[in-house]
Structure formats: C-alpha cells, structure tokens
1. Which pairs turn up if I take residues in segment 59-86 that are in contact (Cβ under 8 Å) with a residue 40 or more places away in the chain and look for partners that are of a type in the set (Gly, Ala, Ser) with beta carbon separation below 6 Å, at least 6 apart in sequence or on another chain?
2. How about segment 81-101: which of its residues are within 14 Å of the chain's Cα centre (by Cα) and either in a strand (DSSP E or B) or closer than 11 Å to PRO34 by Cα (or both)?
3. Enumerate the pairs (first residue in segment 10-30 and touching a residue at least 60 places away in the same chain (Cβ under 8 Å); second residue anywhere and basic (Lys, Arg) and assigned to a loop (DSSP other than H, G, I, E, B)) with beta-carbon separation below 8 Å, excluding pairs fewer than 6 apart on the same chain, so at least 6 apart or on different chains.
4. Taking THR115 as the residue in question, decide whether it is over 21 Å from ARG16 (Cα atoms), of a type outside the set (Asp, Glu) and more than 14 Å from the chain's Cα centre (by Cα).
5. Determine, yes or no, whether GLU41 is at pLDDT 95 or above and surrounded by 12 or more Cβ atoms within 10 Å (Cβ to Cβ).
6. Scan segment 9-29 and give yes if some residue there is of a type in the set (Asp, Glu), in a strand (DSSP E or B) and out of contact with any Cys (no Cβ under 9 Å at 6 or more places or on another chain), otherwise no.
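The values are calculated or read from the model by the stated rules, or taken from the named source; none is laboratory data. Only a predicted model underlies this, so the values are computations on that prediction, with no experimental measurement involved. Don't worry about glycine lacking a Cβ; one is built from the backbone with ideal geometry, like all the others, and counts go over all protein chains shown.
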Amino acid sequence: MILPILIVAPSELRGRGVFASEPIASETVIEISPVLVLSKEERLKAEETMLYNYIFEWGENYELGALGMGFISIYNHSYQSNCIYEMDFENELMTIKTLRNIAAGEELFINYNATPDDTTPIWFDAQ
C-alpha cells in the first residue's frame, strides 16, 4: 500500500526523493511495502554494488539485508526526519508513518539510524 498522494521526484542535492502532493496529517501510515530479504552472503555481495545505498540492515541481529519495494528505498535521510520506518521481520514488510503534519510539496525523510532523534553519523556522514 502506497498512498496515491506520494510521488518520486528530483530532490535537491540528493538525486530522487519521495514527496507529498497533498497535505498529510501527523501519524498517517503512508506506505506499507514488502522487502526482498538478502542472506548475510547476499548482503555482502550487494554492498559491493550500487545497491549499497538502498538496502537496509535486517533481522533481529541486523546481519541480513533488505531491499525495500515500493518507494521504501527512495526515502532520503535526515537527522530531523518527518517520518519513521518500522520493520516487520516476520512478515517481511516495512511501514512508513509521518511524525508530524506534512505540507503539499514537502519531501518525506526518514532517519537511517531507525530512531528519529538519533544523530549518530551514518555511513556517508562518518567519512
């Protein structure tokens, strides 16, 4: 399920991103999408390709990888994210939910650290 008011469009300095074409209320589930789960070995191989920037750590010990279907792997990162993602390991799903009201035209961001207020540098900021 992807709300029909979400669009993928060019994002300033970030390639592509996910945007709202209409206002969205806080706490709205905007996407529930399946993921392709990668074994530990498949994840290591994927990390040697352009998929490195699109896969999520997956599983109880985060050794597996997951490639989000739908728009999941297109949401850009922000330490001041306006959305949060939840992982359902059992059903191999990810859910995106808004954290605050979103304006029409606004880009939707998740914190790649999985927690909205976690400012631990992520891989492309830690260099």
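1. That search, which allows pairs on different chains as well, returns GLY70/SER33; ILE72/SER33; ASN76/SER11; ASN76/GLY17.
2. Within segment 81-101, CYS83, ILE84, TYR85, GLU86, MET87, ASP88, LEU93, MET94, THR95, ILE96, LYS97, THR98 qualify.
3. SER26/ARG100
4. Details: over 21 Å from ARG16 (Cα atoms): yes; of a type outside the set (Asp, Glu): yes; more than 14 Å from the chain's Cα centre (by Cα): no.
Answer is no for this residue.
5. Here the answer is no, as GLU41 does not meet what is asked.
6. Start the filter on segment 9-29 by keeping residues that are of a type in the set (Asp, Glu), which leaves 12, 22, 27.
Adding the requirement that they be in a strand (DSSP E or B) leaves none.
Checking segment 9-29: not a single residue is of a type in the set (Asp, Glu), in a strand (DSSP E or B) and out of contact with any Cys (no Cβ under 9 Å at 6 or more places or on another chain).
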